[in-house]
Amino acid sequence: MNKFKRKLMNLGLKYVKPRIHDKKVQHIIKDYNLPDPLIFQNGEKVIDKKQWIEKRRAEILHLFKENVYGKIPTEAVETNYNIINEDKKALNGFATRKAIKITFRRGRRQIDAKLQIYVPNNVDRPVPAFVGLPNWWLGYKRSLWPFKHVIQRGYALATARFGDFDPNSDNFKNGVHPLFYKEGQTRPLENEWGTIGAWSWGLIELMNYFESDSDIDQNRIAVLGHSRMGKAALWAGVNDERFSIVISNNSGCCGAALFRRKIGETIKMINECFPHWLCFNFKKYNNREFNLPVDQHILIALVAPRPVYIASGQDDIWADPIGEFLSAKHADPVYKLLGTTGLGTDKMPKINEPIMSTIGYHIRQGGHKLSLYDWHRYMDFADLYL
Ligand code: GTR
């Protein structure tokens, strides 16, 4: 029995095999009763671009903060950047590799994070960059960060350790959370950030760093993440509009997949297996997906009009590939309202046939991983839009 089926069994749930490319599954949208991104909470319709930008976007962002991910603190921290190592002839002379220690301080509390950047040599600087938190430190082998390939295509690649921001434990003591606690506080409040929020905060702080690094073009940054880091990349990209492109690889539940389909990982499962990932309010929606005022197509829409790329693995049933595609599809009206090409189709593409519209999407052969195939599609996308 595989890990996925065992997880379901432990939770007393039955395995339902989704039917990839089954037209019925793809198109019974009415049954999901998805909230409409273009209808305000009071029932009024968003009539133009201006209303979306000035009012509806803020309303939705608030709903996601209160009910799903929790608020990321916006209070300033004192930061110090220290280059601890620089090798101008890294990767056989093709790149400069820098290691930077970032110190974050608030009051008496402090944490450090280490950032590593590969910048291609022999190209004009500043260069566009991909940034992310690789899943490696989980002992997780399925997240490939192919420095050489990225350098060869003219991009910088910046990575940091997710554990420096939050080690993925449920006590909220060893990462960034304590920096923002009020007197006597020991854990986030019901509507405050969990671990995914802390990882997103880390990505946003890396964006702050780029503003001080003349090798990196802060106007051409793609934030990318796989799986749990794909959830964090989306949430970072939504909260910080300085990211020019947002890429979410096999991010599943609380990433790109629609909650209301309840295929693969569900709200209850994620809250039970990872009670610290989302905000405490999110637990109210266990088995109550239809009460949630949002769904993930609306999260994707919050990236608009910036290009966003969602990708699935054909066998990655736990992440619900069809649900990931449908989020992209139902974000389309917002992208269109803002004058972009949106997804450009309403049909799920065939395996390994990427869509490169303002909303990018592909479903690749194979399962849950970040592969070289995925990376090259993301770089094709960046070539088009960065
Ligand atoms: C799984 C989790 C998923 C996904 C994945 C990963 O155990 O259920 O939501 O985040 O971990 O990060 O690899």
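Descriptive notes on the structure:
- Residue pairs meeting the criteria (Cβ under 6 Å; at least 6 apart or on separate chains; first free of Cβ contacts under 8 Å to residues at least 40 places away in the same chain, in region 222-241; second open to solvent by 10 Å² or more (accessible area, probe 1.4 Å) and of a type outside the set (D, E, K, R)): A236/I204; D240/I204
- All positions within region 275-284 that are open to solvent by 10 Å² or more (accessible area, probe 1.4 Å), under 16 Å from K71 (Cβ atoms) and in a helix (DSSP H, G or I): F280, N281
- Residue ID - most open to solvent (accessible area, probe 1.4 Å), chosen from residues in region 67-82 that are within 30 Å of L337 (Cβ to Cβ) and in contact with an Asp or Glu (Cβ under 9 Å, 6 or more places away or on another chain): K71
- Positions within region 234-255 being part of a strand (DSSP E or B), within 15 Å of the ligand (Cβ to nearest atom) and not hydroxyl-bearing (S, T, Y), in sequence order: N249
- Residue check, R228 in contact with a Phe, Trp or Tyr (Cβ under 7 Å, 6 or more places away or on another chain), open to solvent by 10 Å² or more (accessible area, probe 1.4 Å) and either within 15 Å of the ligand (Cβ to nearest atom) or β-branched (V, I, T) (or both): no
- There is no residue in region 318-334 that is surrounded by fewer than 20 Cβ atoms within 10 Å (Cβ to Cβ) and either of a type in the set (D, E, K, R) or without any contact (Cβ under 8 Å) to a residue 40 or more places away in the chain (or both).
- Which numbered condition S169 misses (of (1) in contact (Cβ under 8 Å) with a residue 60 or more places away in the chain; (2) in contact with a strand residue (DSSP E or B) (Cβ under 7 Å, 6 or more places away or on another chain); (3) open to solvent by 10 Å² or more (accessible area, probe 1.4 Å)): (2)
- Selection status of I111, among the β-branched types (V, I, T) and either open to solvent by 10 Å² or more (accessible area, probe 1.4 Å) or modelled with pLDDT under 95 (or both): yes
- So S200, is it open to solvent by less than 10 Å² (accessible area, probe 1.4 Å), at negative phi and at pLDDT below 95: no
- Taking the listed residues N271, N219, N287, the one that is surrounded by fewer than 24 Cβ atoms within 10 Å (Cβ to Cβ), free of Cβ contacts under 8 Å to residues at least 24 places away in the same chain and not in a helix (DSSP H, G or I) is N287, with no other qualifying.
- Restricting attention to region 116-166 and to residues that are in a loop (DSSP other than H, G, I, E, B) and aliphatic (A, V, I, L, M), the residue that is nearest to the ligand (Cβ to nearest atom) turns out to be L133.
- Qualifying residue in region 70-82 (condition: modelled with pLDDT under 95, within 28 Å of S200 (Cα to Cα) and of a type in the set (S, T, Y)): yes
- Residue within region 295-310 that is more than 18 Å from the chain's Cα centre (by Cα), more than 16 Å from the ligand (Cβ to nearest atom) and assigned to a helix (DSSP H, G or I) present: no
Residues are listed down the side, and each one gets a yes or a no for (1) in contact with a Lys or Arg (Cβ under 7 Å, 6 or more places away or on another chain); (2) open to solvent by less than 10 Å² (accessible area, probe 1.4 Å); (3) within 16 Å of the ligand (Cβ to nearest atom):
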site	(1), (2), (3)
G184	no, no, no
M207	yes, yes, no
A232	no, yes, yes
A257	no, yes, yes
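- Only one of I363, I351 that is within 17 Å of S251 (Cβ to Cβ) and modelled with pLDDT of 95 or more: I363
- Residue in region 83-99 that is touching a Ser or Thr at 6+ places or on another chain (Cβ under 7 Å), part of a helix (DSSP H, G or I) and surrounded by 17 or more Cβ atoms within 10 Å (Cβ to Cβ) present: yes
The values are calculated or read from the model by the stated rules, or taken from the named source; none is laboratory data. The shown structure was predicted, so the numbers you read here are calculated from the model rather than taken from an experiment. So basically every Cβ, Gly included, is an ideal-geometry build from the backbone, and we count neighbours across all protein chains shown. The protein model used for the area step is the full one, side chains on, heavy atoms only, and it has no ligands, DNA or RNA in it. Shrake-Rupley method; radii C 1.70, N 1.55, O 1.52, S 1.80 Å.
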